[in-house]
Structures are given as C-alpha cells and as structure tokens.
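In what follows, a single structure is set out as structure tokens and then discussed.
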Amino acid sequence: GDLIYVGAATDRAFLDEGQVPESRRSASHIKTGHMRTQIFKVTEVNTSSNTVTLDGTLEFDIPLNNEGGYNSRVMPVRAIENFGLQDFFLTMDIEGSHCEGYNRNQFSESNPNGVLYRYENVCAQDAIHGIILKWAYNGWVDNVRIDMIGSHPIVSEFAKAVTISN
C-alpha cells in the first residue's frame with residue numbers, strides 16, 4: 001500500500017531520443033534532474049527475494065546514473081491522499097508586476113502582448129503556478145477557473161490517480 005517514486009536520471013540516450021539540441025543540454029535541471037518519473041502503489045513485498053510488485057508498468061528504462069554521475073532514484077514517498085478542490089476562481093493580480101503589460105487575448109502580430117495560446121513564460125520574474133499537485137494521490141480538481149495566473153495553471157508532477165475536469 002505504500003507509494004514509491006521512480007525517477008530516471010536524464011542521460012544522453014534520453015536527450016538524443018528527444019532530439020534535444022546540444023546547446024540546451026548544459027542546464028543544471030537537465031544534468032541533475034529526473035525528466036522521467038512515475039509514482040506507483042506497492043501491491044506486494046517479497047522479503048526473501050528483496051523485491052516489490054507495483055500496481056503498474058514502468059514506462060521507461062532506468063539507467064543507474066547519467067554521464068555526470070547523477071543517480072536515478074527509487075524511494076518511498078508520502079502523499080496527500082483522497083482530496084478534492086472545486087468551485088473556485090484563481091487569478092494573479094498583475095498590477096505593478098512584470099506581467100502588467102500583457103493581456104489575456106490571443107497572441108498575434110497585431111497583439112504581441114497577448115498570452116492566449118502562447119506557451120512561454122513571458123514574465124518569469126513573477127511566475128506563479130496556480131494549483132500545484134505535488135505528492136498527491138487519489139484526488140480531483142473540478143469546476144475551477146484559472147485566469148492570467150502567470151505560469152502553469154495546474155502542475156501535476158509527482159501525482160498519481162488525480163482527475164482534473166471542468
């Protein structure tokens with residue numbers, strides 16, 4: 001019944017497969033990060049063979065470490081379980097921030113300050129995520145409006161079995 005985090009060190013083979021340009025590979029979060037992660041629930045423990053059975057299939061290979069010596073990880077984790085968030089509005093007050101000059105309309109040549117359908121952080125200095133579902137298990141988010149939040153409206157890394165709707 002425990003949760004287990006599996007994180008594969010980001011190695012050259014993975015970056016090659018993703019066609020990541022050499023010029024982008026020196027960032028610290030790439031050298032020392034796990035860009036492939038999954039969370040599983042342990043369904044069985046066999047102490048005689050020192051193995052565990054997980055509730056799903058691992059979707060990637062796990063190198064012991066990458067070329068820089070950064071290790072992959074498998075570790076038990078604790079998570080918030082059986083939660084729900086619903087029926088609210090979330091926004092960021094952009095007045096006086098680096099985001100102030102941007103608007104919620106669609107980005108185009110005639111509207112270069114629009115952010116709709118523009119997937120980039122236009123004011124990174126003031127970036128704030130909306131809802132962060134980190135170390136979360138078996139929950140839901142429903143009927144939430146998120147407008148002009150500054151960065152990702154919902155972050156769901158390190159989460160499992162979470163339903164997001166409306």
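The values are calculated or read from the model by the stated rules, or taken from the named source; none is laboratory data. The structure displayed is predicted, hence computed values, not measured ones. Reconstructed Cβ throughout: ideal geometry from the backbone, glycine too, with neighbour counts over all protein chains shown. The accessibility values were calculated without ligands, DNA or RNA, using every heavy atom of the protein model including side chains. Shrake-Rupley method; radii C 1.70, N 1.55, O 1.52, S 1.80 Å.
For the pair ASN113 and HIS29 in one chain, pulling the backbone fully straight at 0.36 nm per residue adds 27.4 nm over the alpha carbon distance. Accessible surface calculations at 1.4 Å, restricted to protein heavy atoms, place the chain at 67 Å² per residue.
Over the chain, dividing the summed -39,500 (n - 2.57) contributions of all DSSP H runs of at least 4 residues by the number of residues returns a 222 nm mean residue ellipticity of -1000 deg cm²/dmol. The chymotrypsin sites (Phe, Trp or Tyr not before Pro) of the stretch 69-166 that DSSP puts in a loop, and whose beta carbon has at most 14 other beta carbons within 10 Å, are PHE83, TYR117, TYR119. For the chain, the share of accessible area belonging to carbon and sulfur comes to 48 percent (1.4 Å probe, ligands and nucleic acids excluded). Counted residue by residue at 0.36 nm each, then reduced by the alpha carbon distance between them, the extension gain from THR51 to VAL77 reaches 7.6 nm. Based on C-alpha pairs under 8 angstrom that are at least 6 apart in sequence, the chain has a relative contact order of 22 percent.
Between the stretch 130-166 and the stretch 1-46, the C-alpha centres lie 21 angstrom from each other. Hydrodynamic radius of the stretch 12-77 by the Kirkwood approach over all distinct alpha-carbon pairs: 14.1 Å.
Hydrodynamic analysis of the chain uses the Kirkwood radius over alpha carbon pairs. Inserted into Stokes-Einstein at 25 °C and 0.890 mPa s, it gives a translational diffusion coefficient of 130 µm²/s.
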